[in-house]
Amino acid sequence: MEEKDAGQAEHLTLNQENVRCYVGVGASAGGVEALQELFQHMPPDTGASFIIVQHLSPDAVSLMDKILQKSSSLPVQLAEEGAVPQPNHIYLNHPGKTLTMKEGKFHLESAHDRNQLYLPINLLFQSLASVSDVHAAAIILSGSGSDGAIGIGSIKENGGLVIVQKPTEAQYASMPQSAISTGMVDLILNVTQIGSSLREYLKNPHILSMHQEEPDHMELAEDYSCILNAISQYSDIDFTIYKTNTIYRRIERRIALNNFHGVEEYLDYLLSTEEERAQLHRDLLIGVTSFFRDEEAFRHLGENVVIPLLKKKKSIRLWSIACSTGEEVYSLAILLCECMEYLHFTADVKIFATDVDQNAITTAQKGIYSESLLENLNQAILDRYFEHTSGGYLAGEKIRKMIVFAKHNIFRDAPFSKLDLIVCRNMFIYVKPEMQQKALASFYQLLVDDGYLFLGSSESVGDMGDAYNLLDKKWKIYSKNKQYSKKDISMYPALNMFGNFSPHQTERIQKANPLQKQLHSTNISEKLLFAMAGPSVLLNHEFKVLQVIQGGGHYMRMQDGQFDGGLSSFFSPSLAAFLNRLLLDSRKISDGIVEKRATGLADYPEEVLCVKVRFFNLTEGEYYLIQIKSEEKAESEAADSPMDLRELKDSRIQILENALNESNWNLKLAVEESESRNEELQATNEELLASNEELQSTNEEMQSVNEELYTINAEYQNKIVELTTANADFDNLLLNADVGALYVDENMHIRKITPHWCIC
């Protein structure tokens with residue numbers, strides 16, 4: 001018997017030392033019932049520590065620990081400062097304190113001391129992500145508001161699991177719905193299903209392997225490689241350049257979430273399911289950002305980079321790489337505006353913001369963000385640079401007009417040039433070192449001589465240290481070293497997106513999707529095109545640039561203005577107009593080849609250009625290939641006379657004038673109608689704005705009070721049920737006891753008499 005007890009004690013000690021997962025649970029209004037139901041159905045052997053934070057007023061008094069203990073077989077206790085969480089335990093935060101994790105221990109801080117918006121669930125999730133890496137999960141239950149929506153981004157970024165209660169089941173659906181709207185939720189379940197799903201996920205062998213110091217993927221390397229190639233073809237992004245462990249861990253998460261135990265069966269599922277390919281694509285491109293992330297870093301950037309640039313330049317060009325949903329880009333625009341106001345100076349600012357994820361770019365272009373995403377901004381900044389809308393806050397025109405958003409892959413697409421500042425934060429932590437160095441070498445050539453580079457706090461320039469001068473060691477701000485003379489800096493080599501297939505993999509993917517066969521053969525055509533075409537540009541039937549070959553030539557360069565991928569984005573206005581005419585002419589000629597010499601272009605007055613356009617009418621579509629060369633005037637005199645551009649210019653001007661006259665007439669009518677309506681609406685709008693501000697502040701106060709009252713009421717209802725039951729049990733005892741008893745109060749007034757006493 002003693003040996004058995006000793007064995008159990010030893011097992012308990014080992015179990016306590018090996019917590020497999022920290023699970024943060026966030027709940028607000030309606031959360032009492034949800035929490036009770038969650039832990040009634042929670043398996044006792046998940047190996048996880050559950051840390052519960054309710055979004056309540058700091059002054060609230062909670063009885064949750066006593067209530068929850070009756071609903072769960074797991075031990076329930078309040079978290080204490082410096083305590084180490086144990087597996088299969090439930091911890092609650094103290095009233096009036098925020099609960100976070102630091103170095104694997106609980107950390108409590110007074111909620112009254114915080115100057116920012118009180119969002120304790122976000123704080124807990126962010127701390128779990130930073131401490132426990134892949135050993136973290138987030139569960140969001142019923143509640144109003146949007147607390148937790150930012151925190152789950154940190155959990156997901158670090159490879160954690162995010163589960164949300166079904167909004168239709170929740171008493172208050174706002175918190176679950178806000179989390180779902182971020183696109184970072186893995187599972188949306190009924191509360192009764194969460195426990196079993198969590199246990200299956202944590203027990204999956206692929207999740208268990210993450211807890212090894214160095215997981216061994218060598219035996220399954222071919223299957224993983226096949227998955228990467230399949231998703232690369234699906235998304236047109238080469239994921240083989242990303243760090244192997246990071247990518248493999250996210251693939252393993254998808255395997256576990258789909259309840260597969262083998263890579264082979266998941267690969268079959270991936271190749272046959274469009275939805276899963278889209279989901280894996282989203283998971284691999286997780287980009288977490290926020291407004292003024294690392295606020296101190298932006299302050300140093302303003303002092304050491306932005307202000308010096310503004311003092312010596314009237315025009316500034318910036319490139320924000322991997323901009324995700326745009327929070328960082330708008331932060332840069334705000335920083336520039338604030339610095340210009342400080343200097344009492346206005347500069348022409350152009351910010352190019354790019355990302356490989358089209359969905360993220362679309363969100364950034366809309367520029368609408370929920371109130372919770374703007375919690376770090378003070379009210380003055382909000383009023384100055386944002387407009388309040390029904391969907392949250394809309395980035396104002398003052399900062400929007402500075403920014404050009406575009407989908408762009410820095411490892412493949414033509415870059416922006418003559419840049420004063422490149423911002424590339426927290427992208428290098430995901431890609432392989434050799435790709436980092438190629439990108440840094442390219443950045444060096446794209447920056448002007450007095451240009452700057454701004455990286456993430458966990459990144460560095462590595463072997464390119466001689467090319468950059470370190471300005472801020474903590475926040476990784478660099479300036480370009482003009483004295484650097486290394487000659488073998490490589491410019492954006494074309495990546496072989498489909499070059500890593502084994503014959504078996506190729507056949508398998510082609511069977512799953514016939515389109516892949518076309519993509520694979522297209523790669524061969526691209527190689528031939530690169531080898532034979534020379535510097536040129538390939539366009540589609542809409543005159544949009546599809547491919548830049550060998551740099552595209554001397555006359556191709558990025559133009560200011562809205563980026564749309566057309567001729568006007570890559571060529572000067574006069575040259576773009578000339579090319580447009582030749583493209584149209586090439587369709588009318590039998591062989592599809594037009595070659596013209598032109599002189600007198602407004603942007604190249606001293607040059608004679610030889611432009612050759614080839615039109616291809618293929619089964620896959622219509623394509624155009626443009627080649628532009630410069631000729632000496634002496635050579636051009638011996639050749640055919642250059643094309644007279646005056647006729648082209650006059651014709652073009654006439655067409656534009658007619659279109660302009662028609663537009664002006666329509667605009668005049670619209671303006672007159674708009675002015676008459678605007679006068680009526682302006683007065684009404686002012687009244688509504690004043691009323692809306694009052695109602696908004698009142699609504700926020702009422703919402704906070706309502707959440708607190710609802711939760712406290714739910715707790716008291718549980719206590720009332722307990723007291724009613726106890727009182728009924730006591731009355732039954734008195735009725736059935738064969739003892740005469742008389743109960744009096746302190747004033748000797750009779751309160752209760754047993755039936756036996758009356759008989760006596």
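Quick notes on this one:
- Meets criteria (of a type in the set (D, E, K, R), assigned by TED's automatic domain parsing to the domain that holds residue 179, at pLDDT below 85 and over 29 Å from residue 189 (Cβ atoms)) for residue 2: no
- Test: residue in region 302-315 that is assigned to a helix (DSSP H, G or I), assigned by TED's automatic domain parsing to the domain that holds residue 226 and among the aliphatic types (A, V, I, L, M): no
- Summed over region 166-182, residues that are surrounded by fewer than 18 Cβ atoms within 10 Å (Cβ to Cβ) and assigned to a helix (DSSP H, G or I) total 2.
- Criterion: among the small types (Gly, Ala, Ser), in contact with an Asp or Glu (Cβ under 6 Å, 6 or more places away or on another chain) and within 30 Å of residue 403 (Cα to Cα) - qualifying residue of 568, 572: 572
- Test: residue in region 66-76 that is touching a His at 6+ places or on another chain (Cβ under 8 Å) and either buried (at least 23 other Cβ atoms within 10 Å of the Cβ) or under 27 Å from residue 286 (Cβ atoms) (or both): no
The rows are residues; the columns are (1) closer than 24 Å to residue 175 by Cα; (2) without any contact (Cβ under 8 Å) to a residue 60 or more places away in the chain.
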{"position": "281", "(1), (2)": "no, yes"}
{"position": "301", "(1), (2)": "no, no"}
{"position": "319", "(1), (2)": "no, no"}
{"position": "336", "(1), (2)": "no, no"}
{"position": "340", "(1), (2)": "no, yes"}
{"position": "347", "(1), (2)": "no, yes"}
{"position": "357", "(1), (2)": "no, no"}
{"position": "367", "(1), (2)": "yes, yes"}
{"position": "372", "(1), (2)": "yes, no"}
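- Screening residue 420 on (1) surrounded by 20 or more Cβ atoms within 10 Å (Cβ to Cβ); (2) within 22 Å of the chain's Cα centre (by Cα); (3) of a type outside the set (Lys, Arg) shows it passes everything except condition (2).
- Those residues of region 451-467 which are within 30 Å of residue 561 (Cα to Cα) and either modelled with pLDDT of 90 or more or of a type in the set (Ser, Thr, Tyr) (or both), in sequence order: 451, 452, 453, 454, 455
- Residue 442 meets each of the listed conditions (1) under 26 Å from residue 550 (Cα atoms); (2) at pLDDT below 90; (3) in contact with a strand residue (DSSP E or B) (Cβ under 8 Å, 6 or more places away or on another chain) apart from (3).
- Within region 117-131, tally of residues that are more than 16 Å from residue 92 (Cα to Cα) and in contact (Cβ under 8 Å) with a residue 60 or more places away in the chain: 3
- Residue 138 vs. criteria farther than 24 Å from residue 246 by Cβ and in contact (Cβ under 8 Å) with a residue 40 or more places away in the chain: no
- Screening 397, 387, 375, 434 for residues that are surrounded by fewer than 21 Cβ atoms within 10 Å (Cβ to Cβ), among the charged types (D, E, K, R) and at pLDDT below 85 leaves exactly one candidate, 375.
- Among the residues of region 183-194, those that are on the phi < 0 side of the Ramachandran plot and either surrounded by fewer than 21 Cβ atoms within 10 Å (Cβ to Cβ) or free of Cβ contacts under 8 Å to residues at least 12 places away in the same chain (or both) comprise 185, 187, 188, 189, 190, 192, 193.
- Candidate set: region 699-748, residues that are closer than 30 Å to residue 54 by Cα and of a type in the set (Gly, Ala, Ser); chosen: the one surrounded by the most Cβ atoms within 10 Å (Cβ to Cβ): 714
- Each residue in region 441-467 was checked for being farther than 22 Å from residue 351 by Cα and surrounded by 20 or more Cβ atoms within 10 Å (Cβ to Cβ), and 3 pass.
- Residues that are among the acidic types (Asp, Glu) and in contact with a helix residue (DSSP H, G or I) (Cβ under 6 Å, 6 or more places away or on another chain) were ranked within region 265-293; the one that is nearest to residue 149 (Cα to Cα) is 283.
- Residues within region 147-162 that are surrounded by fewer than 24 Cβ atoms within 10 Å (Cβ to Cβ) and in contact with an Asp or Glu (Cβ under 9 Å, 6 or more places away or on another chain), tallied: 2
- Of all residues in region 578-593, those satisfying the criterion of being more than 15 Å from residue 537 (Cβ to Cβ) and either of a type outside the set (Ser, Thr, Tyr) or surrounded by 17 or more Cβ atoms within 10 Å (Cβ to Cβ) (or both) are 581, 584, 585, 587, 588, 589, 591, 592, 593.
The values are calculated or read from the model by the stated rules, or taken from the named source; none is laboratory data. Not measured: the values here are computed from a predicted model. Please note: Cβ atoms are built from the backbone with ideal geometry, for glycine as well, and neighbour counts cover all protein chains shown.
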